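Scroll down for the structure; my scribbles are underneath it.
Just so it is clear, none of the values below were taken in a lab; they were calculated from the coordinates. Source: prediction; values computed, not measured. Ideal geometry is used to build each Cβ from the backbone, glycine not excepted, and the neighbour counts take in all protein chains shown.
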Amino acid sequence: MATPTAAATDHAEIVPSVIRENQDDVVEIPMVVPEGSEGTLTLARGSYEQSVGFRDVNGDGRVTVTVNTFVANQVLSSGSGYRAADPDAVTEVRAQSTEPMATGNYEIRLSLSGTEQDVALVRLMPSRFNDVRTRAAPNGITVDSVKEVEFSASVPGRVARDDTVILEFHAEGIAGVGGFDDPPGRELIYANTSMPSASATHTIQLPGPEADGDGDERGNASFSSVRIDYDNGDGGVPNKLTNVKLRGLGVDADGDGRIDRPVRVERRSVTRSGRLALELTDEQSLAESETLLIRYSGVKNPGTTGTDAVSVSAGDHRVEGTVTYGRAGLGQFGNALSVDVTCADSQDPTAPMPFEHVVSPGDDRLYLVFSTSVCAEEAAEDARLDVTLRKDRLRNGVPTGQTKRLSTSVRLVESNATLELSEGRTTLEARTQTLEGQTTLAPGSRMTIRVRSADEPSPQLVEYSGVVNENGAFRTRVDFSAFRSGSTVEVVPVANGRQIGDVHRVRIGDG
């Protein structure tokens, strides 16, 4: 969207004159106004009408008012969902009706001091879940912004174990729904379901201590017991903690959402209302980079909604956090926007969000970034990761049973490379050769061809590199002149520091 230019006169206008957005997304209404002025925006369609007062706080002559159409439809009578982009401000919202903000054309009237300055149009269109694509990023690339997604490439439903899986969801109508900056699925305790008084499964995600925190000087915590306190001073506690069933307990050592070191419980007890204690069979340790995961079912949520203070202690290592009940806590992203992650050939990950996420509201994209170890490597030669993005429609904060979803499956295959060399029968007459091959690694990966002496008393070793293209092919120019004529060498494909293909033995000719 173009940035409006500050006005030089007392005139005000909305730029552009026609704004298109999808239902449940966030509508942006940019305006050029006199510097430091106050004004009113009125949105109207049929019996729907909302008036929004705004102020140009920093005096730059530009104000953008945003309308979260999802929030506006959930709380109909309060004028909720209207904001001004920082540092400007919305001064008041006058709800002229309690009608929902349905799809259709809305007239926007901009007024200063009661005088109408400009009229524009918002076209609010139905939102759709369009498609999902599988992308792969080379090993070692961190993907935590849309710009870094550009280092990945679309692949046909399979990703090598050394690479990173990126799922690109083209889903309209989620930008106003999801709590992407601070999602419920990353809270200290995540409740699934989060509905009041419902029977739920709770998952604890206790991070390791910082190096200068309450562990030892290396940032390690030793513990033989765990204390879960739902009260934490604010009185909000679930029921039936004595009847919970433990579904998973252990340490995630590498951040992929799976338990790497299982922990056994000797006994458990409810020491008082809202406090669950677990005594372990052995003393355990938790490093700074690790997470203690605990999942148990059969909890009855409290009958209230909102964010509740909680704390979890592993020995002397104590962390305070929150758990969210009600509509805002439904699904990992909140407001009934959730992600189902399953592994077809192994146990599912324990963490609620075994992925990182990047959101791009401008083009309705949500990227989920997975480590390929999210599904256990020993489960099968080719494991399968199944992922579904799901959005449940809400009415009065309760799911209606109407659901939009996008699903995909990704095969997690072994890292492998093949060279176009005939095993045992090749003689290299020319000392400089172009070697070609195919690999399962992601496009953009660096492939190394390692050449070493096979029959010399003092073996020599040389390496040459190439880059994998979008078709999984690679090629590199190799100079064999360092090796004696008539000798035999071994040619090996290597990536990420290890051999990923067969060893080819070839003889150096006289060329």
What is the local net charge at ASP510, summed over the other residues whose Cβ is closer than 13 Å to its Cβ (Lys, Arg +1; Asp, Glu -1)? +2
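Among HIS11, HIS202, HIS170, which comes first, second and so on when ranked by fewest other beta-carbon atoms within 10 Å? Please report the intermediate quantities before stating the final value.
Details: HIS11 12, HIS202 26, HIS170 15.
So the ranking, lowest neighbour count to highest, is HIS11, HIS170, HIS202.
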Expressed as a rounded percentage, what relative contact order does region 1-148 have, with Cα pairs under 8 Å and six or more residues apart? 26
At most 16 other Cβ atoms within 10 Å and a DSSP loop assignment: could you name the GluC sites (Glu not before Pro) in region 63-171 that fit? GLU150
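For the chain, what does the relative contact order come out to in percent, with C-alpha contacts under 8 Å and a separation of six or more?
Working: 1396 pairs, mean separation 64.3, N = 511.
Here the relative contact order equals 13 percent.
Test of the criteria: in region 222-263, which trypsin sites (Lys or Arg not before Pro) are in a DSSP loop and have at most 12 other Cβ atoms within 10 angstrom of their Cβ?
On the way: sites: ARG227, LYS240, LYS245, ARG247, ARG258; in loops: LYS240, ARG258.
Qualifying residues, ordered by number: LYS240.
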Solution diffusion estimate, µm²/s, Stokes-Einstein, region 13-125, Kirkwood Rh from C-alpha pairs, 37 °C, viscosity 0.692 mPa s: 239
Sorting VAL26, VAL155 on the 10 Å Cβ count, fewest up front, what's the list? VAL26, VAL155
Using alpha carbon centroids, what distance separates region 483-500 and region 261-291, in Å? 50
Please give the charge dipole size of the chain, origin at the Cα centre, charges +1 on K and R Cβ atoms and -1 on D and E Cβ atoms. Round to the nearest 20 debye. 1600
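Lys pairs in the chain, Cα-Cα under 27 Å, at least 8 apart or on separate chains: how many? Could you put the intermediate results ahead of the total?
On the way: LYS147/LYS391; LYS240/LYS300; LYS245/LYS300; LYS300/LYS391; LYS391/LYS404.
Close lysine pairs under the 27 Å cut-off: 5.
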Between the residues ASN471, SER485, THR439, the Cα farthest towards the positive end of the dipole of region 417-508, that dipole coming from +1 and -1 charges on the beta-carbon of Lys, Arg, Asp and Glu, is from SER485
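Starting with the fewest neighbours, write out THR203, THR40 ranked by other beta-carbon atoms found within 10 Å of each beta-carbon. Don't skip to the answer; put the middle values down first.
Details: THR203 23, THR40 19.
In increasing order of surrounding Cβ atoms, one gets THR40, THR203.
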Give the label of the value calculated from the structure for semi-axes √(5λ) of the Cα gyration tensor in Å, choosing from (1) 51, 36, 19; (2) 61, 41, 17; (3) 40, 24, 22. (1)
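With a/c under 1.5 counting as rounded, go ahead and sort region 417-508 into rounded, prolate or oblate using the C-alpha gyration tensor (a ≥ b ≥ c being the square roots of the eigenvalues; past the cut-off, prolate if a/b is larger than b/c, else oblate). Don't skip to the answer; put the middle values down first.
On the way: a/c = 2.03, a/b = 1.81, b/c = 1.12.
Prolate shape, in that a/c is at least 1.5 and a/b is the bigger ratio.
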Which residue, chosen from SER285, VAL65, TYR296, occupies the Cα position most advanced towards the positive end of the dipole of the chain, where the dipole is computed from +1 (Lys, Arg) and -1 (Asp, Glu) charges on Cβ about the Cα centre? TYR296
Name the residue farthest towards the positive end of the dipole of the chain from the options LEU337, ALA383, GLY362, assuming +1 on Cβ of Lys and Arg, -1 on Cβ of Asp and Glu, about the Cα centre. ALA383
